[in-house]
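The values are calculated or read from the model by the stated rules, or taken from the named source; none is laboratory data. What you are looking at is a predicted structure, and each value in this text was computed from that prediction instead of being measured. Neighbour counts are summed over all protein chains in view; Cβ atoms, including those assigned to glycine, are modelled from backbone coordinates with ideal geometry. Accessible surface areas use protein heavy atoms only, side chains included; no ligands, DNA or RNA. Shrake-Rupley method; radii C 1.70, N 1.55, O 1.52, S 1.80 Å.
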Amino acid sequence: MIKKPFVMGNWKMNLTLNQGREYAGVLKNRLQGRSEIRCGICPPFVFLQEICEILKGSSVCVAAQNIHCEKNGAYTGEVSALMVKEVGCTHVLIGHSERRHIFHETDAFINAKIKTALSVNLLPIFCIGETLEEREAGRTEEVIQNQLKGGLRDIRADQLKELVIAYEPVWAIGTGKTAFPGQANEVHGFIRNIVTGEYTENLARNLYLLYGGSVKAENAKELMTQPEINGLLVGGASIQFESFFKIIEAVSQD
C-alpha cells in the first residue's frame, strides 16, 4: 500500500492573483526539504502561469481545475490540455462534482477529457461521487461503478497507473457534512475492487485514492488512518493557507 499521503487543495473560483502568489510562495518555503508528503494546489486558470513559475523546482505540483476534451479549435472560453501543460501544470482535475452537476458533464465527455490529458502527459485527478438522494436510495455502488467504468472506458493499464482517483460524495462537498471515515473507506475499497476486476489487483493496490468532501484539519488525520485512503482533495479549507497547512501537518508522516 502507498505510504506517502497526497493532499491537493482546490481553490475553485477564489483568491486574487496577489493572494495566490503569496500562498504559493509560503507553501513552497514551508514544504522545502520535506519528503514525507505529496502536495499540490489547483488555482484558477488565469493564475496558473504565475503560480507554476513560483513553484518551479519545488515539491508542490500544480493542477488545472478543468480542461476541454479537444486539444484546440473553435471552443470560445475553453482551455486545452496543451495550454495548461505548457504553462507548467502536471495534473488536472477531471469530473469534479461541480462540473458534473452544474455544467452537466457526462461520463462520455469526462472519458474524452481523461484520454486527451493522458495523450499530452497531463495526469488526471479523476473525481467520482454520489448525491445524497442516490446514497439514501441505496445506489452508491451503482453510481460509483457507472462513473468509474464510464470515465475509464478504453483506458489501458499502463495509462491507468498514472491516474489519481478522488472519491467525493456530493452531499459532503461544501456542506460541512463529511462521510464517516468508515463510510469513505468502504467506498474506496469498492473502487479498488472494481479496478482489480477491470485491470489487476497490483494496479489497484498501487493506485492513489483521495477522499474529498468537507475535509478540514479536525477530521483529516482520522480519514487518513483508513487503510484504503491515500490522500485528500481539499476544497473550502484550502482557500486559506493556514487551514490548508494544518491539514498537511495533520496527515504528514515522520
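Scanning segment 89-108 for residues that are within 17 Å of GLU130 (Cβ to Cβ), within 17 Å of the chain's Cα centre (by Cα) and not hydroxyl-bearing (Ser, Thr, Tyr) returns GLY95, HIS96, GLU98, ARG99, ARG100, HIS101, GLU105, ASP107.
Checked against (1) more than 22 Å from HIS96 (Cβ to Cβ); (2) surrounded by 15 or more Cβ atoms within 10 Å (Cβ to Cβ); (3) at pLDDT 95 or above, SER252 passes all but condition (3). Among the residues of segment 16-36, which ones are farther than 10 Å from PHE241 by Cβ, touching a residue at least 60 places away in the same chain (Cβ under 8 Å) and part of a helix (DSSP H, G or I)? Matches in segment 16-36: LEU31 only.
Does THR175 satisfy being closer than 20 Å to HIS96 by Cα and outside any strand (DSSP E or B)? Answer is yes for this residue. Scanning segment 3-31 for residues that are basic (Lys, Arg) and open to solvent by 50 Å² or more (accessible area, probe 1.4 Å) turns up LYS3, LYS4, ARG21, LYS28, ARG30. Within segment 196-240, if we keep just the residues that are over 14 Å from the mean Cα position of the chain (by Cα) and among the small types (Gly, Ala, Ser), the residue that is nearest to THR178 (Cα to Cα) turns out to be ALA220. The set of residues from segment 73-96 being in contact (Cβ under 8 Å) with a residue 40 or more places away in the chain, small (Gly, Ala, Ser) and on the phi < 0 side of the Ramachandran plot comprises just one member, ALA81.
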